[in-house]
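Here's the structure we're looking at; comments come further down.
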Amino acid sequence: METKNQTNDVGPGRSNLLHVAIIMDGNGRWARKRDRPRLYGHRAGLEAVRHLVSCAPKHGIKHLTLFAFSTENWRRPRPEVEGLFALLQEYVKKETAKLVEQGVRVRFLGERKGLPDTAKKIVDRCEHGTAQGSRLNLNIALNYGGRSEILHAVRKVAAKVEKGMLKAAEIKATDFESQLFTRGLPDPDLLIRTSGENRLSNFLLWQLAYTELHFTPVLWPDFKEEHLVAALSDFRQRERRFGAIANKG
């Protein structure tokens with residue numbers, strides 16, 4: 001994995017895309033349009049994940065981060081939450097061998113303590129089984145919230161200060177970033193959100209500081225390679241300045 005830094009070692013100008021993050025939104029609306037239960041939409045959304053994972057590397061994507069389940073999603077009806085974790089278990093059982101074959105390394109980002117025991121075992125098994133993958137780093141945000149991640153990192157850094165391991169006046173961004181769930185990953189170059197909603201929904205709040213944003217009305221189960229290509233094309237037309245002066249050359 002690349003060493004994490006705020007700008008992926010890229011200065012002003014158009015850059016190569018390494019890391020794409022996606023808020024996969026619209027499963028419920030997709031199901032409702034078909035008069036089907038929400039879990040029907042979540043299952044269809046898993047098919048979109050399979051498709052995206054298979055085609056992402058050929059478009060130069062090295063890191064793919066997917067927002068699967070937020071800390072706020074626990075507020076949903078219990079049958080839906082239980083169904084989502086059942087789908088996760090099904091996905092890991094069916095896909096781990098294929099992910100290994102594809103050279104995909106899976107990493108789960110989020111708070112492990114709040115997960116059901118069965119989910120913890122599934123997460124650990126998948127991470128261990130795919131640890132040697134080098135073609136694509138697939139990061140799945142599970143029981144994840146941007147604000148809670150920042151608080152988690154602040155507490156870790158504060159504990160080091162209390163123990164005399166670090167001076168408050170000498171705290172650097174790298175000290176903070178090393179305590180984030182995304183440690184070791186470059187910041188996303190591009191964030192895609194499906195379903196027409198134009199907000200971040202508590203996702204990667206620190207990491208998205210200079211990320212390009214792409215919003216599409218396409219519901220997640222309908223998101224295909226052509227929509228990914230359109231988002232990447234949009235990204236490559238942009239000039240990333242990171243606070244510097246526009247490139248006049």
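Coordinate-derived values only; no laboratory data. Small disclaimer: the values here were computed from a predicted structure and weren't measured. Note that we place each Cβ from the backbone using ideal geometry, even for glycine, and neighbour counts take in every protein chain shown.
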Item to check | Dipole of the chain, positive end: most advanced residue of Ala173, Val49, His227 [Cβ charges, Cα centre] | outcome: Val49
Checklist entry - Taking N as the number of residues in the chain, what is its alpha-carbon radius of gyration divided by 2.2 N^0.38 Å? => result 1.03
Item to check | Selected from Ala141, Ala86, Ala153 as most flexible by GNM, with the chain as the system and alpha-carbon contacts under 10 Å | outcome: Ala86
Checklist entry - Using Cα-only point scatterers and the Debye equation, what is log10 of I(q)/I(0) for segment 125-173 at each q in 0.21 Å⁻¹, rounded to two decimals? => result -0.81
Checklist entry - Using unit Cβ charges (K, R positive; D, E negative) and no other charged atoms, how large, in debye to the nearest 20, is the dipole of the chain about its Cα centre? => result 260
Next on the checklist: Under 8 Å for C-alpha pairs, at least 6 residues apart: give me the relative contact order for segment 143-249, rounded to a whole percent.
Outcome noted: 25
Checklist entry - Which loop-located GluC sites (Glu not before Pro) does segment 42-130 contain, where loop means any DSSP state but H, G, I, E or B and the Cβ has at most 15 other Cβ atoms within 10 Å? => result Glu111
Checklist entry - When the gyration tensor of segment 32-73 is built from Cα positions, what are the square roots of 5 times its three eigenvalues, in whole Å, from largest to smallest? => result 25, 15, 6
Checklist entry - Can you give the calculated 222 nm mean residue ellipticity of the chain, where each DSSP H run of n ≥ 4 adds -39,500 (n - 2.57) and the sum is split over every residue, rounded to the nearest 500 deg cm²/dmol? => result -12500 deg cm²/dmol
Checklist entry - Counting Lys and Arg as +1 and Asp and Glu as -1, each charge on the Cβ, what is the dipole of segment 140-249 about the Cα centre in debye, to the nearest 20? => result 480
Checklist entry - Across 5 Å bins from the origin, how do the percents of Cα pairs in segment 74-149 run, short distances first? => result 3, 15, 25, 25, 18, 10, 4, 1
Checklist entry - aspartates and glutamates within cross-link reach of Lys94: Cα-Cα under 19 Å, excluding same-chain residues under 8 positions apart? => result Glu47, Glu82, Asp124, Glu127
